[in-house]
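Presented below is the structure to which this report refers.
The values are calculated or read from the model by the stated rules, or taken from the named source; none is laboratory data. Fair warning: this is a prediction, and the values are worked out from it, not measured in the lab. Cβ sites come from the backbone with ideal geometry, for glycine too, and all protein chains shown count toward neighbours. Heavy atoms of the whole protein, side chains included, go into the accessibility calculation; ligands, DNA and RNA do not. Shrake-Rupley method; radii C 1.70, N 1.55, O 1.52, S 1.80 Å.
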Amino acid sequence: APPEYKALSPFGTAPVIQDGPLTLGESGAVVEYICNKHGKGKLLLGPDHPDYADFLFWFHFANGTLVPAIMIEHIASTAGIPLGPAAHRSERVMALIEARLGEAAFFAGSEFTAADVMMALPRFAGRFDDRPNTRAYIDRVTARSAWQRTDAVR
């Protein structure tokens, strides 16, 4: 990122948004802020919702497990470093994702939520070509009109 973008966040990382006088970084914080502030909580599930625990798990799994597993694998592969015991971490992640999407249409259950936004699997689509449940999920997400609108902006 250009230096002026990096300067927006205290840690110098993306994503970061500006909303009036507010500047906010960290993807989970950004997604939650936008859902609450501008989406009236539309993509969030509350504690009384039957799928709340699944929502919380997958919302946090994205940055707590999925991205680190992929990054560890990528960095080690790029540097030619053997992964050792961590070698199977990303495979375990992919297997868990495939299993979940064999049980439910979306990560939190039957409806698209901010957990799906956080997981953002279409950006890793090639990793899932041999996983039918995940591939079908990616097709469902990218067929949504909201995805089509954002894809057209690129």
request  = Could you grab me the full set of residues in the range 77-102 that are under 17 Å from PHE59 (Cβ atoms) and free of Cβ contacts under 8 Å to residues at least 40 places away in the same chain?
outcome  = VAL93, LEU96, ILE97, LEU101
request  = Filter the range 112-132 down to residues that are touching a residue at least 60 places away in the same chain (Cβ under 8 Å) and not in a helix (DSSP H, G or I) and give me whichever is least open to solvent (accessible area, probe 1.4 Å).
outcome  = THR113
ask   = helices (runs of 4 or more DSSP H) wholly in the range 1-94 with at least 3 residues that are open to solvent by less than 80 Å² (accessible area, probe 1.4 Å) and modelled with pLDDT of 85 or more - which ones?
value = 27-37, 52-61, 67-79
ask   = Just to be sure, is THR150 at pLDDT 95 or above and under 24 Å from PRO15 (Cβ atoms)?
value = no
